[in-house]
1. Taking a cut-off of 27 Å between Cα atoms, list the lysines near K147, but don't count ones fewer than 8 places away on the same chain.
2. When the Cα atoms of segment 1-124 are enclosed in a convex hull and the volume is divided per residue, what value in Å³ results?
3. Of all GluC sites (Glu not before Pro) in segment 12-89, which ones are in loop regions per DSSP and have a Cβ with at most 10 other Cβ atoms within 10 Å?
4. May I ask you to evaluate 6.51 cos²θ - 1.76 cosθ + 1.60, the Karplus curve with θ = phi - 60°, for each residue of segment 62-76 and list the ³J(HN,Hα) values in order in whole Hz, giving x for glycine and proline?
5. Label-point separation (nm) for H48 and T178, each offset 7 Å from Cα along Cα-to-Cβ?
6. In segment 60-100, what is the volume of the convex hull around the alpha carbon atoms, normalised per residue and reported in Å³?
7. Short version: ³J(HN,Hα) in whole Hz for each residue of segment 28-39, in order, from phi by Karplus 6.51 cos²θ - 1.76 cosθ + 1.60 (θ = phi - 60°), x for Gly and Pro, what are they?
8. Could you sort 268-275, 293-300, 76-83 so that the peptide with the highest average Cβ count within 10 Å comes first and the rest follow in order?
Amino acid sequence: MTDIALKNAVIPAPAGEDGLNRYLAEIRKFPILSPEDEYMLAKRFKEHGDPEAAAKLVTSHLRLVAKAAMRYRGYGLPVADLISEGNVGLIQGVRRFDPDRGFRLATYALWWIKASIQEFILRSWSMVKLGTTAAQKRLFFNLRRIKNSLQAYDDTDLKPDQVRQIADTLGVSETEVTSMNRRMMQGGDASLNVPLGETGEDQWQDLLSDDSPLQDEALAGAQERQRRQNMLFEALGTLSDRERDILVQRRLIDEPKTLEDLSLVYKVSRERVRQIEVRAFEKLSRAMHRIDDEQRIAKLGGHRENQAREGH
C-alpha cells in the first residue's frame, strides 16, 4: 500500500535546465515540518499508506535533494537530472523510514539521496564500470575537491607527493589515484570498438576480461549490505538524541563536524563532546553485535526447525 501511495503522490519535477530556477522557487513554497508533524505523518504513511502524508513527507524534503545535487555539479551532468535522481532516492528513503527509531527523516533519507545521485553519475559519466568498491567511489567523488585544496591542475598529472597525500587521505592505493586522475582528465571513455593492429580484425573489447562478481555473489553481497545498514539504523535507535546526533555528525557524514562546531551547538567543552562521541560509538558497537548475534541465533534456530521437519 505504501508503494501505491508514493506513486500516486503529486511531486513536482525539474523540467530541464531552463526550468530549474522555476523548480527551485516552487519547492521553496513547501513548508519544513516540525519534528512532531514529521513523526505523525510518517506514522500515518507507514501504518495506513496515506498518500497525502507521503506527499508532505517528500515535498518538505525536496530542498534537501536540491542542495545535495548541487554538490555534484562538477561532473558534467545536468543539475535537473541529478535532482530527479535524488528525488528517486528521497522516495526510497521515505518508503523505508521508520519514525519509531528516533532519528529525523532528513538524516535517514540523505543516505538514499546521495546514493541514488552517485549511482546515476557513475552510470552516466562512464560507459565502463567505474568505482566498484566503496574506496574507489570515495576516490571518484572526492578527488576534485582534494586536488583543489592541493592547488593541483585538472588537466595535468599529479606530483608524486600529491598522489601519496591523496592515497593516504582516502585510504586507496597510489596506483588507483593515478589511474582515476587520468580517467577524469580524459572526461570519458574511448570506444571499445577501436580496431587494433594493422589488420584491424581485433578490437579493444576482445582483450577485456570480465572481473565482475557472479550474479549470486552480487545478490548475497547486496543482501548483506542491506542487513548491516538495517542493523546500523536499529542500533542508532538505542542512543539518546544527543549521542546519536554527535555520532552522526562526527562519523557518519561525508564532511564531519569538528569538536569545536559541536561544542558550540551543545554548549559544552570539546573534551565533553569527544567523550560523548566515544561513549556513543561504544554503545552503538555493542548494540550492533547484540543485534547480529540475535539474528544469527534466530537464523540457526530456523535452520534446525527445517531440518527437524525434514527428518520427520
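1. K67, K114, K129, K137, K159, K257
2. Numbers: hull volume 11.8 nm³, N = 124.
It is 95 Å³ per residue.
3. On the way: sites: E17, E26, E36, E38, E47, E52, E85; in loops: E17.
Passing sites in segment 12-89 do not exist.
4. Those phi angles translate into 5, 5, 4, 5, 4, 5, 5, 5, 4, 6, 10, 5, x, 9, x Hz.
5. If labels sit at H48 and T178, their model points lie 6.3 nm apart.
6. On the way: hull volume 2.7 nm³, N = 41.
In segment 60-100, the Cα hull volume divided by residue count equals 66 Å³.
7. In residue order, the calculated couplings are 5, 6, 6, x, 7, 7, 6, x, 5, 5, 4, 4 Hz.
8. Working: 268-275: 14.4, 293-300: 10.5, 76-83: 18.2.
Going by the mean number of other Cβ atoms within 10 Å, highest first, we get 76-83, 268-275, 293-300.
Values quoted throughout were computed directly from the atomic coordinates according to the rules given, and no laboratory measurement underlies them. Computed from a predicted model, the values in this text were never measured in an experiment. Note: ideal-geometry Cβ built from the backbone for every residue, glycine included; neighbour counts use all protein chains shown.
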